[in-house]
1. For the pair Leu17 and Ile39, how long in nm is the line joining their label points, each one 7 Å along Cα→Cβ?
2. If exposed means no more than 16 neighbouring beta carbons inside 10 Å and the site is in a DSSP loop, what's the longest run of the chain without any exposed GluC sites (Glu not before Pro)?
3. Is it possible to state the helix-based mean residue ellipticity at 222 nm for the chain, with each DSSP H run of 4+ residues giving -39500 (n - 2.57), the sum divided by total residues, to the nearest 500 deg cm²/dmol? What is it?
4. Through the Karplus equation 6.51 cos²θ - 1.76 cosθ + 1.60, θ set to phi - 60°, convert the phi angles of segment 178-185 into ³J(HN,Hα) values in whole Hz; use x for Gly and Pro.
5. From the backbone phi of segment 193-203, what are the Karplus-calculated ³J(HN,Hα) couplings (6.51 cos²θ - 1.76 cosθ + 1.60, θ = phi - 60°) in whole Hz, Gly and Pro given as x?
6. Per residue of segment 50-67, what does 6.51 cos²θ - 1.76 cosθ + 1.60 with θ = phi - 60° give for ³J(HN,Hα)? Whole Hz please, x for Gly and Pro, Karplus curve as stated.
7. What relative contact order, as a whole-number percentage, does segment 62-144 give when Cα pairs under 8 Å and 6 or more residues apart are counted?
8. What percent do you get for the relative contact order of the chain when only Cα pairs under 8 Å and 6+ apart count?
Amino acid sequence: NYPNGFMNGIQIRGMPLQILYPGEVFWVNNSTVLAKGAIAGSNANNGTYRSPFATVEYAMGRALANRGDIIAVMPGHAETIDSATDWLLDTAGVAVIGLGSGSKRPTITFSTNATADIDVSAANISIQNFIFIANVASCATCFEMVSATDFTVEHCEFRDAAATTGFINIIDTDAVANGNDGLYFCHNRIKSLDDVAATSAIDIDEAIDRLTVND
């Protein structure tokens, strides 16, 4: 462990080692599959690879704004969203990265409350490689945007659990002009089964610049 880095860089067998992020990495895992030598996820842990936190919300509260911190969420991790405060994306500049592929991607389920959502209230947050499932009728939105610019959602999947349960919106933008400039929604997949309420990828309520929706 070299917390102060290397003044002149470092090479291993002639290959320069690049430091790709400037901040800290916090690990989250509440699955039963643990890293070698690891203990079960708990918010009483210290958030390392072998001592992970249990929830993304707790990890977000440990991050420092605009340092470039990463929250790495392990394969098989699962959480339930039952209110508008279970997940708060409110620390600027944090990347929330899901690990794993297919059904082992971290899975977030909205299960009992149609007004539950994930509030986004800080700039430059990104979330990648998650599955979000609406298992409640007419779930208002997955991401409720407050004034938060440059929010990125990438390589995620959004599913309605059944024809009677589903999202109305995936992203509901702020009703303040330019409050969500730079919104980036790319390489995502939406599986809409809901016949109760229409599903919209993005509900744009006010002027927005630099919006990118692709693939």
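1. 2.7
2. Answer - 25-205.
3. The helix contribution divided over the chain gives -1000 deg cm²/dmol.
4. Per-residue couplings from phi come out as 6, x, 10, 3, x, 4, 10, 10 Hz.
5. Going residue by residue, I get 10, 5, 9, 8, 9, 5, 9, 10, 5, 9, 9 Hz, with x marking Gly and Pro.
6. Once θ is set to phi - 60°, the couplings for segment 50-67 become 9, 9, x, 6, 9, 9, 5, 4, 5, 4, 4, x, 8, 6, 10, 4, 6, 8 Hz.
7. Averaging sequence separation for qualifying contacts and normalising by length gives 32 percent for segment 62-144.
8. 13
The values are calculated or read from the model by the stated rules, or taken from the named source; none is laboratory data. Here the structure is a predicted model, which is why all the values come from computation and not from measurement. With ideal geometry, Cβ positions are generated from the backbone for all residues, glycine too; neighbour counts draw on all protein chains shown. All accessible areas refer to the heavy atoms of the entire protein, side chains included, with ligands and DNA or RNA removed. Shrake-Rupley method; radii C 1.70, N 1.55, O 1.52, S 1.80 Å.
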